[in-house]
Amino acid sequence: MVMRLPAAAVLLCLVDVLHAFAIEEKGDVFKRMACPAFLMFDNAAYLADMTFELPCNCKPEEVSSVIWYFQKNVGSHKTTVLTDFAGTVVVDSGHIHAGSDVLKRFSIRMFSLIVFRAQVTDSGHYLCGTKKGEFFYGYDVDVQPTKHMTVAFVDRGQHVQDDYTEKLFSLFTAFWDWTRCDRCGVRGEQRRIGLCYVQSAQLHPRYRAAMANVTSCGSRAVPAHFQHPGRLRRPEVAIRSCLTPCPKEEVPEEGVQAISNVISKLGEKPWLPRVPTQFHKQPVGSGLIIACPGARPEHAVAWDKDSVRLYRSRYLVGVNKSMRVFIDHGNHLHIQWVQVSDGGTYFCWREGKMVAGFRLSVMYQHRHRRTFNDPETIYAAKAIGMSYVLISIIFIVIHVCRCCRRVFRCPART
């Protein structure tokens, strides 16, 4: 034990050295990259509900902290400051809700801006600069909606959208790589997300992209007379079946294995997977949305109800016109108008591994009679009373005005 202490001290020193080296390397990036004399905007496209990071790729050496600004359009008088003027904002991504304002969904870490669960309204220009309004680097962010996405099931022979070509521009879909199989040991599914892009020689030269004359459809580099066809082309997703074996788990030593087997078999239900399980009660007729822990929209996520596989080919949102139970494009499981038959255990797969279970119990709401002491009853009585008083005042004022009008119209008798 005494001999291990010097080794641990040496290891901690090495960790500190590596950490300092990483910070030094981060600083060297700014020394190697000079800021452009004319501010340019790098194009970046994402799908709604995704989390993205924008690094401040250049800044003067004397600047120790940066300020991030958001503008809907270049030169707009309305500019949002994304900072607390201390150079950093710490946000817990687990408490982020979809649809909340961008001021509640961002963080600044090591000069980089992180936006959690991006929404379509977050599309625009993000600029890295100082308190004085000096800008060093800029991004043109295009967040494309998940609503009404075009879906192609490859197993059914469906194909993705064809390219749309005009005289001055063409629209096409740029696909990401296929995700991992969302289940292992059984039949699973893979997704491939595609975003809308436009190719033209008339794009604004102030915007940069990975390929020349190519940018995302929602970019500000697209001329105004090109934007209408771009809005008609939606993002799309391709889905196909897959089958992959489960990774082999490490087998402990014989003595440890024997003890663990005895402990695990006590009170164990062999038909249930060994995953952390949450218990939840939901009243009949209400709505419920279940999220897979640690999952993001770009991850491979699958859902099971007990032993029933909820495949996207049947349960993806928009597959049927009337769907009460469905999976959205952000990998959330929706149950609308909860019924007693919805009770059971829902299992969540993430990146091919089952990670969590949700035990749902459906209960009836007990109705109770209202009393005069209930806040709702008091509020309703006050509202009805105020309405009656207001109507009575209006009625009296109208009749008084009519009487006065008749009096002044009558000719004076001589």
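The values are calculated or read from the model by the stated rules, or taken from the named source; none is laboratory data. This one's a predicted model, so the numbers in the text were calculated from it and none came from an experiment. Remember, those area values only see protein heavy atoms, side chains included, never the ligands or the DNA or RNA. Shrake-Rupley method; radii C 1.70, N 1.55, O 1.52, S 1.80 Å.
What's the carbon and sulfur percent of segment 171-246's accessible surface, probe 1.4 angstrom, rounded to a whole number?
On segment 171-246, the fraction of accessible area on carbon and sulfur atoms equals 53 percent.
Once you order the gyration tensor axes a ≥ b ≥ c over the Cα atoms, which shape class does segment 119-194 get: rounded for a/c under 1.5, otherwise prolate or oblate by comparing a/b with b/c?
Since a/c reaches 1.5 but b/c is at least a/b, the shape of segment 119-194 is classed as oblate.
Could you derive backbone 3J(HN,Hα) for segment 112-129 from the dihedral phi with the Karplus parameters 6.51, -1.76 and 1.60 (θ = phi - 60°), listing whole Hz in sequence and x where the residue is Gly or Pro?
Working through the residues one at a time gives 9, 9, 10, 10, 8, 6, 4, 10, 4, 5, 7, 5, x, 9, 10, 10, 9, x Hz.
Can you list residues whose amide H is under 5 Å from residue 137's amide H, if they're 5+ apart or on another chain and H is modeled 1.01 Å from N?
Those lying under 5 Å, H to H, from residue 137 are 128.
Inverting the mean 1/r over all pairs of different Cα atoms, compute the Kirkwood radius of segment 296-414 and quote it in Å.
Result for segment 296-414 stands at 20.6 Å.
Using the Cα gyration tensor of segment 164-248, with a ≥ b ≥ c the square roots of its eigenvalues, what is the shape: rounded (a/c below 1.5), prolate (a/b larger than b/c) or oblate (neither)?
prolate
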